[in-house]
Amino acid sequence: MTQLESAKNNLITPLMKTIAKIEAMDPGLLCQRIQAGSIAILNNNKHKLKNPCAVGYGLKTKINANIGTSTDHALISEELKKLKTAIEYGSDTVMDLSVGGDLKKTRRQILKTSTVPVGTVPIYEMAVNAEKKYGSFLKMTSDDIFDVLEEQAEDGVDFFTIHSGVTRKNVGILKKNGRVLNIVSRGGAMLAAWMRRNKKENPLYEEFDRVLDIVCKYDITLSLGDGLRPGSILDASDEAQIAELETLGLLASRARDKNVQVIIEGPGHVPLNQIRKNVAMEKELCDGAPFYVLGPLVTDVGAGYDHITAAIGGAIAASEGADFLCYVTPSEHLRHPNNDDVKEGVIASRIAGHAADLVKRVKGAIKWDEDMSRARNKRDWKKQIKLSMDKRKAAQYRRSSKPAQNDVCTMCGKYCSIKLMEKCSRA
């Protein structure tokens, strides 16, 4: 029985109790929201997790870190190091987006090592396998696609990004209206190219019930991917993006009917004044399903600093109701991320998520800020460092500071406002 099926029968499972304790939420309320589809637990029933995770309404905003090999960088050891860094700095989940080297070995090592839920984009392995088998991913068959889904499910993957909304109709809408940047989703582009070459419908859409049969068996959460997401703010909220979202809403309803938990993926590159509308559209068209956003990036000119452009958009999106932020690293659009990029991306997204949690009044969020403020008022440097998201960096900065008086910092020195007001209050 899946978690959704249990919730429909008003059965509070041990996993629900664990999540409720982590989130400081009443188990009954959690169960109701799983039943309604506004919360999803990311946990394959074959994957034992030290740190299980749920995303959705009323919960802390969650952060995902993408790792995985590329065709140019395919060392498993590097990706395992990134995995460790992502978890150390607070990522709630990771996704293995590998396309280079031994994909099975990489995935299985990540699943074995990770203490948090692991997601994948199965179309990547489908394409790589077909390239090896037939000489071109354009020759992959429907059976090739579903064989990979079954194998990854059996391995223990907790959530799948499935681009079922990249249909012939929706790709036609994009082609008719045009864009500054065409399809920027790697999985979306693969499927669009396959459909054009074979003059067939997307198997992940046409045989969606077959997808549901596999994920239901393992209680995998389906992350319905935004293969037509905008890759430029000039393309944001266009007809193709919205058409795909409408399709995802219909598929989400079918998934829930089959007792499959669903989250919806969202854009992409979106200017500040369109973020609220995008979140509201997803919640309306997808019946309140958890919203998983990449950024969104609020400008296209932040190359080298796109973790910041994404954090700005992520904070606004989450404060408006998005539930799950996929990090963006400083190297986005430029190169394969290294370990430092992963750290910076996680920290930036966590700041964005926490800022939104303050607005959403997530239980316990404001207490963290209150404790930090009181520590600053006392000039308690040890506690400030302990409460920092990046304790190592905070400690390093403090050690590098050599104030003449130890109870201040070198920014204000003897003119420390807090210390001055402290003296005034005693006068």
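Every read-out reported here was derived from the displayed coordinates using simple, explicitly stated rules and does not represent laboratory data. Please read all numbers here as calculations on a predicted model, not as lab measurements. Using ideal geometry, Cβ is built from the backbone for each residue, glycine included, and neighbour counts are taken over all protein chains shown.
Structure notes:
- DSSP-assigned coil residues among trypsin sites (Lys or Arg not before Pro) in region 135-205, each with at most 14 further Cβ atoms within 10 Å: Lys199, Lys200
- Bridgeable lysines around Lys419 (alpha carbons under 22 Å apart, same-chain partners fewer than 8 residues away excluded): Lys378, Lys382, Lys383, Lys386, Lys402.
- Taking amide H as placed 1.01 Å from N in the peptide plane, Gly266 has its amide H under 5 Å from the amide H of Tyr292, Val293, Leu294, each at least 5 places away in sequence or on another chain.
- Pairs spanning more than 28 Å between alpha-carbon atoms, out of Lys62/Lys277; Lys62/Lys199; Lys46/Lys277; Lys21/Lys217: Lys62/Lys199; Lys46/Lys277.
- Gyration tensor (alpha-carbon) shape descriptor, region 365-426, a/c threshold 1.5: oblate
- The calculated P(r) of region 307-406, using every Cα pair and 5 Å bins from 0, goes 2, 13, 17, 18, 18, 15, 10, 5, 1, 0 in percent.
- Using θ = phi - 60° in the Karplus curve 6.51 cos²θ - 1.76 cosθ + 1.60, the 3J(HN,Hα) couplings for region 21-37 round to 5, 4, 8, 6, 10, 4, x, x, 5, 4, 4, 4, 6, 5, 4, 6, x Hz; x is entered for Gly and Pro.
- Straight-distance candidates among the lysines for linking to Lys104, with alpha-carbon spacing under 16 Å and chain neighbours fewer than 8 residues away dropped: Lys112, Lys132, Lys133.
- When you restrict to C-alpha pairs under 8 Å that are six or more residues apart and normalise by the size of region 37-360, the relative contact order lands at 20 percent.
- 3J(HN,Hα) couplings calculated from phi for region 239-244 with the Karplus curve 6.51 cos²θ - 1.76 cosθ + 1.60 (θ = phi - 60°) are, in sequence order, 4, 5, 4, 6, 4, 5 Hz; Gly and Pro show x.
- Amide H partners (placed H, <5 Å) of Met25, local residues excluded: none
- Length available on full extension from Met389 to Ala24: 0.36 nm per residue minus the Cα-Cα distance, which gives 129.3 nm.
- Computed on the chain, the Cα convex hull volume stands at 145 Å³ per residue.
- Tensor-based shape of region 188-286 (alpha-carbon gyration tensor, a/c under 1.5 rounded, otherwise prolate or oblate): oblate
- Under Karplus coefficients 6.51, -1.76 and 1.60, residue-wise ³J(HN,Hα) of region 267-272 in Hz, glycine/proline x: x, x, 9, 9, x, 3
- Cβ charges +1 (Lys, Arg) and -1 (Asp, Glu), total dipole of the chain, debye: 1960 debye
- Alpha-carbon centroid distance for the pair region 160-200 / region 365-427, whole angstrom: 52 Å
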